[in-house]
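Working notes for the structure below.
The values are calculated or read from the model by the stated rules, or taken from the named source; none is laboratory data. Only a predicted model underlies this, so the values are computations on that prediction, with no experimental measurement involved. Cβ placement follows ideal geometry from the backbone for every residue including glycine, while neighbour counts extend to all protein chains displayed.
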Amino acid sequence: MCELFAMSSKLEATINFSLEEFSRHGGHTGPHKDGWGIAFYEYNDALIMRAPEPACESQLVRFIETNAFHSSLVLSHIRKATQGDICLPNTHPFRRELGGRLHIFAHNGELPGIMNGQRYPLGHYRPIGTTDSEVAFCLLMEQMREVWRDQEEPPLERRLDVVSQFAKQLDETSSAAQANFIYSDGEYLFAHGHVRRQDDDVIRAPGLYTLCRSCHPNRDRRPSPIQGVKLSTEMQEGERQHVALTASVPLTDENWEPLVKGEVVVMQQGKIVQRVYPQ
């Protein structure tokens, strides 16, 4: 099963993906050996690094470990292939341009039936690789085209409506669907929790967890370290940093909140700003 991680923060953070813990998930102690990818947003664009190889063997990962990156919006994925060859086109996260900005998507699980072109016809957006995850992303982007057709940026409500309907669509592709995903348009970070294969080998919720932090320089105790990720922020006097995290499994000893099966949360500038629960 794949691993997802994403971060939204109010202030730009310095991020060190030492990836030591992620590397263990990506080939040493876990089954996630078929690729990895990280996206660091900067304005409406993003620096994306990915490779179809175990994170624990990647020289590019070693480069990431020894260099700090700055961003307020980050998405990452470690892959365990269930469909499609192990190659760069099948390596998450996937990206497409729409409305003059980069949209980024990563998925955890399987989507039986979504490759059925009659039931789920593709339009303007086509996959480069052969995964069900990228087909799902193309379907989402096709649905977003109408929302972003105007020159002005669409309100959150319109974007969230599309994402929520898309999440429901994925949930209903099959009784065996596992439809956890993270998606961003550079302004908002959307996360959808469904079901995943747990440590006891049973498929059930939760598929994603969230955690929100708030800290003030020199006043708050140092938060618990995040497995595989080091965050730091240069703050001026009086500033407060807000950070919202989502991950496939809790990465600290704090009280991570499990998402309800079918729930969609929206994060912006380090806070959860909207939720949609399944009906």
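Name the single residue that is nearest to residue 268 (Cα to Cα) among those in region 202-229 being charged (D, E, K, R) and modelled with pLDDT of 70 or more. It would help to see each step written out before you state the result.
Residues of region 202-229 charged (D, E, K, R): 204, 213, 219-222.
Now restrict to residues that are modelled with pLDDT of 70 or more: 204, 213.
Numbers: 204: 28, 213: 13 Å.
Within region 202-229, the match that is nearest to residue 268 (Cα to Cα) is 213.
Quickly run through region 76-117 and pick out the residues that are in contact with a strand residue (DSSP E or B) (Cβ under 8 Å, 6 or more places away or on another chain), assigned to a strand (DSSP E or B) and not charged (D, E, K, R).
76, 77, 78, 94, 102, 103, 104, 105, 106, 107, 108
Results for (1) buried (at least 21 other Cβ atoms within 10 Å of the Cβ); (2) within 24 Å of residue 34 (Cβ to Cβ); (3) not hydroxyl-bearing (Ser, Thr, Tyr), shown as yes or no for each residue.
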residue: 97; (1), (2), (3): no, no, yes
residue: 100; (1), (2), (3): no, no, yes
residue: 111; (1), (2), (3): yes, yes, yes
residue: 130; (1), (2), (3): no, yes, no
residue: 144; (1), (2), (3): yes, no, yes
residue: 150; (1), (2), (3): no, no, yes
residue: 163; (1), (2), (3): yes, no, yes
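Any idea how many residues of region 182-218 are within 22 Å of residue 43 (Cα to Cα), surrounded by 21 or more Cβ atoms within 10 Å (Cβ to Cβ) and not β-branched (Val, Ile, Thr)? It would help to see each step written out before you state the result.
Taking region 182-218 as the starting set, the residues that turn out to be within 22 Å of residue 43 (Cα to Cα) are 182-191.
This time we only want the ones that are surrounded by 21 or more Cβ atoms within 10 Å (Cβ to Cβ), so: 182-185, 189-191.
This time we only want the ones that are not β-branched (Val, Ile, Thr), so: 183-185, 189-191.
Total satisfying the criteria: 6.
If I filter region 118-173 down to residues being without any contact (Cβ under 8 Å) to a residue 12 or more places away in the chain and part of a helix (DSSP H, G or I), which single residue comes out as nearest to residue 272 (Cα to Cα)?
157
Considering only residues of region 43-70 that are buried (at least 19 other Cβ atoms within 10 Å of the Cβ) and among the small types (Gly, Ala, Ser), which is nearest to the chain's Cα centre (by Cα)?
46
Tell me, yes or no, whether region 132-150 has at least one residue that is among the polar types (S, T, N, Q), within 20 Å of residue 92 (Cα to Cα) and either out of contact with any helix residue (DSSP H, G or I) (no Cβ under 6 Å at 6 or more places or on another chain) or modelled with pLDDT under 95 (or both).
Here is the first cut: in region 132-150, the residues among the polar types (S, T, N, Q) are 133, 143.
Filter once more, so that each one left must be within 20 Å of residue 92 (Cα to Cα): 133.
Narrowing further to those that are either out of contact with any helix residue (DSSP H, G or I) (no Cβ under 6 Å at 6 or more places or on another chain) or modelled with pLDDT under 95 (or both): 133.
Among the residues of region 132-150, at least one is among the polar types (S, T, N, Q), within 20 Å of residue 92 (Cα to Cα) and either out of contact with any helix residue (DSSP H, G or I) (no Cβ under 6 Å at 6 or more places or on another chain) or modelled with pLDDT under 95 (or both), which makes the answer yes.
Determine whether residue 174 is surrounded by fewer than 23 Cβ atoms within 10 Å (Cβ to Cβ) and under 21 Å from residue 204 (Cβ atoms). Walk me through it before giving the result.
On the way: surrounded by fewer than 23 Cβ atoms within 10 Å (Cβ to Cβ): yes; under 21 Å from residue 204 (Cβ atoms): yes.
So residue 174 passes the test.
Which residues, counting only those in region 64-122, are over 24 Å from residue 41 (Cβ atoms) and charged (D, E, K, R)?
80, 85, 110, 119
What are the residue pairs meeting all of these: first residue in region 74-102, first residue at positive phi, second residue surrounded by 20 or more Cβ atoms within 10 Å (Cβ to Cβ) and at pLDDT 90 or above, Cβ atoms under 6 Å, and 6 or more apart or on different chains?
Pairs that qualify, where the first residue is at positive phi and the partner is surrounded by 20 or more Cβ atoms within 10 Å (Cβ to Cβ) and at pLDDT 90 or above, are 84/90; 84/131; 99/148.
Can you tell me how many residues within region 185-209 are within 30 Å of residue 102 (Cα to Cα), assigned to a strand (DSSP E or B) and either free of Cβ contacts under 8 Å to residues at least 60 places away in the same chain or more than 12 Å from the chain's Cα centre (by Cα) (or both)?
So the answer is 2.
In region 250-269, which residues are in a loop (DSSP other than H, G, I, E, B), in contact with a Phe, Trp or Tyr (Cβ under 8 Å, 6 or more places away or on another chain) and not small (Gly, Ala, Ser)?
First, pick out the residues of region 250-269 that are in a loop (DSSP other than H, G, I, E, B): 250-256, 259-263, 269.
Now restrict to residues that are in contact with a Phe, Trp or Tyr (Cβ under 8 Å, 6 or more places away or on another chain): 250-251, 256, 259-260, 262-263.
Scanning region 250-269 gives 250, 251, 256, 259, 260, 263.
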